[in-house]
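Beneath this line is the structure, given in structure tokens, with notes to follow.
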Amino acid sequence: MVATFEETYGYPPGRNEVRLADEDDLRAAREYAREMLGSDEQLKFYESFGEVALPDVGNGYFIHSARDVLHRVAEEGYAFIPMADDPHGMVIGSDGGGILFVADWGGVIHRSRTASLDAADFDRVADDFPEFLELIRRSVTRFVETGEPGYL
């Protein structure tokens, strides 16, 4: 995607990366492991990866670092997802337009319909974190092939 981005779009790509976890990320992953709402699948992710930043795929896709997820919980509390089995969740990612991805207690990933959590409506997008990662992978593949990321 990055190799032909400037030729295709007329400007250089941003910093698109899957960043490996450093020592600070690993410390945050251990703290995340103690979090009541943290899923095992996402913990495994954080034990290897710090974060994902794909600003040039559609509006962009971002999987926030464990440190950022925990900071948001500490600052703002849990997200409220009315239709979830347990309506509490943590914001784990976003797109470049402010749409938020929230993991609920059972590990299900929800997408906000607006750029705010205040009275936000959500759509279920993945049954678990691995499926969410697969949806992002498909979005990148589709973007490379067609220039459109699809709907996530």
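The values are calculated or read from the model by the stated rules, or taken from the named source; none is laboratory data. What you are looking at is a predicted structure, and each value in this text was computed from that prediction instead of being measured. No Cβ is skipped: glycine too gets one built from the backbone with ideal geometry, and neighbour counts run over all protein chains shown. Heavy atoms of the whole protein, side chains included, go into the accessibility calculation; ligands, DNA and RNA do not. Shrake-Rupley method; radii C 1.70, N 1.55, O 1.52, S 1.80 Å.
Here are some notes:
- Largest to smallest in accessible area, the residues M1, M36 fall in the order M36, M1 (1.4 Å probe, all protein chains included).
- Looking at the range 38-97, the accessible area is 46 square angstrom per residue; that uses a 1.4 Å probe and ignores ligands, DNA and RNA.
- Correct choice for Cα extents along the principal axes in Å that was computed from the model, options [x] 65, 27, 23; [y] 48, 43, 28; [z] 46, 36, 25: [z]
- For the chain, the mean residue ellipticity at 222 nm estimated from helices alone is -10000 deg cm²/dmol, where every DSSP H run of n ≥ 4 contributes -39500 (n - 2.57) and the total is divided by all residues, rounded to the nearest 500.
- Tensor-based shape of the range 68-136 (alpha-carbon gyration tensor, a/c under 1.5 rounded, otherwise prolate or oblate): rounded
- Accessible surface of the chain [probe 1.4 Å, protein heavy atoms]: carbon and sulfur percent: 49
- Most mobile of A126, A74, A115 in a GNM of the chain (Cα contacts under 10 Å): A74
- Label-to-label distance, T146 versus K44, with points set 7 angstrom from Cα along the beta-carbon direction: 3.0 nm.
- Whether the range 98-152 is rounded, prolate or oblate, judged on the alpha carbon gyration tensor where a/c under 1.5 counts as rounded: oblate
- With both labels modelled 7 Å from their Cα along Cα-to-Cβ, the F5 to V18 distance reads 1.6 nm.
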